Each structure stands twice: as C-alpha cells, then as structure tokens.
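Contents: one structure, followed by commentary.
The values are calculated or read from the model by the stated rules, or taken from the named source; none is laboratory data. The model shown is predicted, which means the values in this text are computed figures rather than measured ones. Cβ placement follows ideal geometry from the backbone for every residue including glycine, while neighbour counts extend to all protein chains displayed. For accessibility, only protein heavy atoms count, side chains too; no ligands or nucleic acids. Shrake-Rupley method; radii C 1.70, N 1.55, O 1.52, S 1.80 Å.
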Amino acid sequence: MKVAVLTSSRAEYGIYYPLLQKLKADPFFDLEIIAFGTHLSTEHGYTLDHILADGFDVGHRIETAPKGDSALDISSSIGSTIQQFAAFWSRHTFDIVFALGDRYEMFAAVSAAFPFNIKIAHISGGETTLGAIDNAYRHAISLMSAYHFASTDVYKNRICEIIGSEKNVYNVGALNIENFITQEYLSVEVFKERFNIDLSTPFILITFHPETVALDMNVEYTEELIKALEQCDIYQLIITMPNADTMGNIVRAKLNQFIDTHENAIGIESFGMVGYISCMKHCAFMLGNTSSGFVEASFFPKYVINLGDRQKGRLITPNIITVPIEKNAILAAVKKIESSPKLNNIFEYGKGDTAKQICQILKSKNI
C-alpha cells in the first residue's frame, strides 16, 4: 500500500512519530513523507532536520511557509499552498494520504487533493477549538476525508455528525500517548547538556499562541500573560514560541522582549518531540493555550492553566484549569495548583496502541 504522510509543523510531526515508525517497519506499506509549512522555515527552527535525524527519508519538500503573520500573509499562503499542491497531486498518486489536525496549511494541501479524488485519512478530527480559526479547517478536512481516526468516543461521534455518516470512522485513541509509553525520556543531566537548561529547578512550561478569532485582543492578551509571568519569579519560565499564525510574530516579539529582560525566562524555538515531552515530564505545571496541554499533559498527568478560548470545546479532564487571559486570574490559578493534591492517572485517550490499530484497519480495508 503506497502511503503518504503530510506533515507541516514540529508539533504535528511529533504526534505522527509512532505511526511513521510502524509504517516504515511494515513491508506491507510503502511510506513517503511530504514535508511543507514551517518544517522548511529557518525562522521556525527548520524542523525538517528533526525528521531526518529520526531516520526518515523525506522524498517530497514543498516550501509553503507564509512570509509574515498578517491576515493577508496567511490567506496568500493558503492560496499558494493550494496551487503548489495542485501541481504536486497531478504528478503523484498514493493509495491513501494521512492528514493530521487542523492547521490552515493542512487544509490547503487537502483542499488541493480533493478534486483528484485522493483518499485522505484524517487523524484527530472531531475536536473543537472555538477560539481558533483552525476549528473550521479541522471540520473541513473531515468533510474531505475518506477515513477518520479519532482520539475519543466524544470526537468520533462529532465526526459522524459533521460528515453525516458512521462509515470508516474509528476511535483509536491518541497517537501522542504511544509516544509517551515508548519513548526514552531525556534525563535532567542529558537535557542540560543538550539544551543548557537545568530542569531540576522548579519551572513552568509555557506555550502561548494568538487567538485567531479574536485578533484585536492578542496584544492585550500577551501583555496580561507577561504581567502574570513577572509575578512568577520563584519559577524558571521555559517559553516555547508560537506557531506561524495570524499575529504570531507580534506575540513572539513581546515574549522575546520579556525573555531578554528577565533572567529566569528562557525562550525555545523547538525542543523536538523527545525534548518537549521530557521537559513536560519534569515541569511543575503547564501554562498557555496549546493543544498539548490537553492530550499530552493528561498522560503524566500535569496540571495545566489553559488560557482563554483558543482551545474552548476540547474535552476537559481533571488536570485542566481554564481561566481568562487576565493577570489576576492567571495568578489565582497558579496559587490553586500550588495547594492542590497530586493528580490521579487520566485514561481518556486510549492505551497507547493507536498506530497499531490504524495499520490493522488499513490492512483490513484492502484500500
């Protein structure tokens, strides 16, 4: 079976990783990786190198990263991505193509494939994020897909509602969980050697993205977050940079200005998948509005202060504390976590055999 995997960003590649390993190891599958988006952007860490370092061949590389972070830049990038992928799909055929998540560039690649009647397998559909425009992209990808691999029954049922059918819709759990079970984490010593960051010092892992349906508020939101971080001086603050979203560069610039003027703050473009989950394992808690605060954080489990509405609509587990993006609300949540008991295990996202299930389903369908 000739299988292609679309990957456009550091975060989604990390989720794909266990599936890529299974597809590569099984002679039934002929795996080809299509890298585009910020993977090929030096500004965002040129994370194509992470894929190559993991031993995967990347036979297809398409440069589609936006030139800036304005609405015009993002919209233009969508159009350019569709055009480039239209040419690509006209030259290449696959039995099935995997698309993960909800990014605008993933939507563009799938949109270009749709007229060619290419079979898309969508991973992580059915989720809802009302504070991000990605919500519309995710559901649109589901509507253009032939196979659906959801991470919970709640999301599986939502996919069925969106597409109006139960055909080829499966709850296989979250691929992320498999990463956590099978990966060898970096020790505190190795992490310091590799990144020059001491994880033995209590720290908060912070990832903050713009709210792409509330563009006019993002400057104020970032400033409120920074005001709260200024009061968290007993912690080391490890801040990973936002995605290439509308107004992402403005958020990035303000965070970098804060990092440059505070000794306890460290900015990171990309840890890579193993580095990121190792950092998560050792953090005191997470803070921000990233999807990794949901599935990934539930595994350890770690408390998460989820800011604002970007992730509104996702499944809420006992480790999630959602607050407005306002200094006092954030600091109150910090105090609440500091006095909260240790979390019990959370098993909402499967048992860690998602990649195996996906491969078995593909084989049984004889696509």
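The table that follows gives values for the structure above.
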item: Angstrom value of the Kirkwood radius, inverse mean 1/r, which spans all Cα pairs in segment 1-80; result: 13.4
item: Radius 10 Å from Cβ of Ile325, net charge of other residues (Lys, Arg +1; Asp, Glu -1); result: -4
item: Convex hull (Cα only) mean projected area of segment 244-367, reported in nm² to one decimal; result: 10.5
item: Heavy-atom accessible area ranking, 1.4 Å probe, most first, across His122, His139; result: His139, His122
item: At q = 0.14 Å⁻¹, base-10 log of I(q)/I(0) for the chain (Debye sum, equal scatterers on each alpha carbon); result: -1.23
item: Loop trypsin sites (Lys or Arg not before Pro), segment 1-79 (other Cβ atoms within 10 Å of the site Cβ: 15 or fewer; DSSP); result: Lys67
item: Those trypsin sites (Lys or Arg not before Pro) in segment 147-189 that DSSP places in a loop and that have at most 13 other beta carbons within 10 Å; result: Lys167
item: Net charge of Cβ neighbours under 12 Å - reference Phe107; Lys, Arg +1; Asp, Glu -1; result: -1
item: Mean separation of Cα contacts under 8 Å, 6 or more apart, over the residue count of segment 71-222: relative contact order %; result: 17
item: Summed residue charge, Cβ within 13 Å of Asn157's Cβ, Lys/Arg positive, Asp/Glu negative; result: -2
item: Magnitude of the charge dipole, the chain, Cβ model with Lys/Arg +1 and Asp/Glu -1, debye to 20; result: 980
item: Virtual paramagnetic centre 7 Å along Cα→Cβ of Val58, amide N under 17 Å, in segment 272-307; result: 272-275
